[in-house]
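K.L.:
Can you read through this structure? Questions will come right after.
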Amino acid sequence: MCGIAGIFAYAASAPADIGELRRIRDHITARGPDDYGEWLSEEKHTTLGRRLSIIDLSHRSVQPMVGADGRYVIVFNGEIYNYHALRANLEARGRQFHTESATEVLLQLFAERGADMLDQLRGMFVFGIWDNQARRLSLARDPYGIKPLYYGDDGHPFRFASQVKALLAGGGIAREVEPAGLAGFFVFGSVPGPWIIQRGIRALPAGYYLWVSEKGAEAPVQYFSIAATWADAEAQASDGQKDQAAIREALLDSVRHHLVADVQVGAFLSAGVDSGALVGLMKDAGQQEIQTVTLAFQEFHGSENDEFPLAAEVARHYGVAHTIRRATEDEFHDDLPKILRAMDQPSIDGINSWFVSKAARELGVKVAISGLGGDELFGGYPTFRDIPRWIHRIRRMSRVLGLRTLIDASLQGVYRSPLARIGVFASRPKLRSVLRYGDIYAGAYLLRRGVYMLEELEGDELLAQGLRRLQPERHVEWLLQPAPPTPFARVATMEAAQYMRNHLLRDTDWASMAHSLEVRVTLVDVASPKESSPLLVSGEKEGKAILGQAPSRVRQDAVLQKPKTGFSTPIAEWLQCGELWHERNRPAATRRISGPWARSWAWWVASEAGT
């Protein structure tokens, strides 16, 4: 696990600035504190990286890694869980290896197959490979976007790095706000990729690769689609069912792959089904010693948000080492400057991930298993119930005489209809927006997940410009292509491609890597939807119970019946009691927008984070 960075100097431009590269490298020290290296080509095409040693701890696996024949040079961030099998196949074809690392497997696999190798990889990854012969750089990112990769291309040097702030720290990219990223944050609570809050930087989309040559950067090429994966799985589910044993084996296989490491692998343990089931499956996979950690808050004591009691029961049930880590208001205030520095893009969440990652590292854990992804895969969110129901009802309502005229007016952005002046409609923008969005999946998703509705933002010039560039409804519609045929799979696709990718995975990455902790998201596995979705599509009423019943020692208790509460923190109380929020700190463009304290605080975070 590493932080990677590089600069490609186009032939017509000045040579790459090694000083800028080193400033970028030093900014991502926490992502790879164990080692670092740098490589400079004869023509000043440069790559460099840092390393957090997880597999093959020796210095011989230092990056950047140069192939034996000198043609290819790679910087790689992530884990390839099937690299043993890939290596065996390469060795059977006469390839020789000099390290035990997955990095060398990637390098030799790329030498044989180029970008076509991406379909063979199972894991979380981003990498950059320089081809000395073709004079070309290749960048690629994993299917779900577990690991981040950002790039800037102003027509002179092409820059890439694992963090936005690292690129900015290099000093070669101006700090200008991107209106589409700003508007996207208002709409979704996180910046929707490939947009970034800064103009001039983009995220390489998940499931894409990119070629860069002396002629410039080509358009990113998609090699994986969440929507297509669900659509294909549904098409293959002709019998409509897969038994519990098949689902268990698919989950156990994923856990086995995610336990491959030369260091201790621990686990985050909450009161939910996901993390408890994974701890049970870790035991089934043969992991004898497991260090688990639960985050708790005094403010939640005795409430449904208190993770401690049920998590402790799960730990006792599976016989694992368990630590309760209590985060306090004083600690939050002390850590806030560090949190803001680590938060690479603004987010209305992520504090929970910060503290649980901090707790794991305090225990000496270098790799932790997380239950992230279970709700997207097994229908754990209310959206799986609400969105199809809303669409059905609103489509019925649209047939009412005269209502279609109001809907058509709303679709054109006209909010001068009588409804906008009627009591409850006037004070509740989401209720008014039902007419504008609620009869299609992308629109209903905006209603259910949106922080602010578009009409609340359209009055500000900068945000209106951002909405025109972003087009939030089209953004979600694009994620649904090709559209899976069933309501369940459509919601699963939107949740995984938008909320999980741009919010949960991104927050987990910056919060964990700030503590030099590798978090493995076992349920976010390219193989899981292919194996599990046939059962989910046909038997979606089962939901999370399928996951809860997967371990051999199944729990039949309150954990399986516990309603979903989310991974919450008492930030509301902490901020209301403190003096962190002041109206003058809000960006000027947002002062006209009212809303709960949490949303205002999110914009304060964006401002303080230098965005």
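K.L.:
(1) among the small types (G, A, S); (2) surrounded by 19 or more Cβ atoms within 10 Å (Cβ to Cβ); (3) modelled with pLDDT of 75 or more: which one isn't true of S533, the others all being true?
P.N.:
Looking at each condition in turn, S533 falls short on (3).
K.L.:
Look at the range 33-69 and say how many of its residues are modelled with pLDDT of 65 or more, open to solvent by 30 Å² or more (accessible area, probe 1.4 Å) and farther than 17 Å from A5 by Cα.
P.N.:
Selection size over the range 33-69: 3.
K.L.:
Then there is this: Do you know which residues across the range 509-530 are open to solvent by 20 Å² or more (accessible area, probe 1.4 Å) and modelled with pLDDT of 95 or more?
P.N.:
Passing the criteria: none in range.
K.L.:
Which residue is farthest from Q498 (Cα to Cα), if the candidates are limited to the range 387-400 and must be open to solvent by 10 Å² or more (accessible area, probe 1.4 Å) and in contact (Cβ under 8 Å) with a residue 12 or more places away in the chain?
P.N.:
Kept after step one, since they are open to solvent by 10 Å² or more (accessible area, probe 1.4 Å), are these residues of the range 387-400: 388-390, 392-400.
Checking the rest, the ones that are also in contact (Cβ under 8 Å) with a residue 12 or more places away in the chain come to 388, 390, 394-395, 398.
On the way: P388: 18, W390: 20, I394: 23, R395: 24, S398: 28 Å.
Per the criteria, the residue is S398.
K.L.:
Shifting gears a bit: Considering each residue of the range 475-505, count those that are part of a loop (DSSP other than H, G, I, E, B), among the hydroxyl-bearing types (S, T, Y) and crowded, with 24+ Cβ neighbours inside 10 Å, and give that number.
P.N.:
Narrowing the range 475-505 to residues part of a loop (DSSP other than H, G, I, E, B): 480-486.
Next, from what is left, pick out any that are among the hydroxyl-bearing types (S, T, Y): 486.
Then keep just the ones that are crowded, with 24+ Cβ neighbours inside 10 Å; that gives none.
Residues that pass the stated criteria total 0.
K.L.:
Could you list, in sequence order, the residues of the range 303-330 that are of a type outside the set (A, V, I, L, M, F, W, C) and open to solvent by less than 30 Å² (accessible area, probe 1.4 Å)?
P.N.:
Answer for the range 303-330, where residues must be of a type outside the set (A, V, I, L, M, F, W, C) and open to solvent by less than 30 Å² (accessible area, probe 1.4 Å): D306, E307, Y318.
K.L.:
Suppose we filter the range 356-366 for residues that are out of contact with any Phe, Trp or Tyr (no Cβ under 8 Å at 6 or more places or on another chain) and either within 29 Å of P143 (Cβ to Cβ) or buried (at least 20 other Cβ atoms within 10 Å of the Cβ) (or both); how many remain?
P.N.:
6
K.L.:
Show the residue pairs meeting these rules: Cβ distance below 9 Å; 6+ apart or different chains; first residue within the range 445-469 and open to solvent by 10 Å² or more (accessible area, probe 1.4 Å); second residue in a loop (DSSP other than H, G, I, E, B) and among the acidic types (D, E).
P.N.:
Listed pairs, sorted by first residue: A464/E458; L467/E458; R469/E178.
K.L.:
Among the residues of the range 367-379, which ones are modelled with pLDDT of 90 or more and either surrounded by fewer than 19 Cβ atoms within 10 Å (Cβ to Cβ) or of a type in the set (A, V, I, L, M, F, W, C) (or both)?
P.N.:
Scanning the range 367-379 gives V367, A368, I369, L372.
K.L.:
If the requirement is being part of a helix (DSSP H, G or I) and touching a residue at least 40 places away in the same chain (Cβ under 8 Å), which of these qualifies: E104, E112?
P.N.:
Numbers: E112 fails: touching a residue at least 40 places away in the same chain (Cβ under 8 Å).
On inspection, the qualifying residue turns out to be E104.
K.L.:
Moving on. State which residue pairs qualify: first residue at positive phi and open to solvent by less than 80 Å² (accessible area, probe 1.4 Å) and inside the range 77-99, second residue assigned to a strand (DSSP E or B) and among the small types (G, A, S) in any location, beta carbons under 7 Å apart, and separation of 6 or more residues or different chains.
P.N.:
What qualifies is G78/G123.
The values are calculated or read from the model by the stated rules, or taken from the named source; none is laboratory data. For clarity, every value in this text was computed on a predicted model and none was experimentally measured. In this analysis, Cβ positions are derived from the backbone assuming ideal geometry, glycine residues included, and neighbour counts consider all displayed protein chains. Accessible surface is based on the protein model in full, side chains and every heavy atom, while ligands, DNA and RNA are left aside. Shrake-Rupley method; radii C 1.70, N 1.55, O 1.52, S 1.80 Å.
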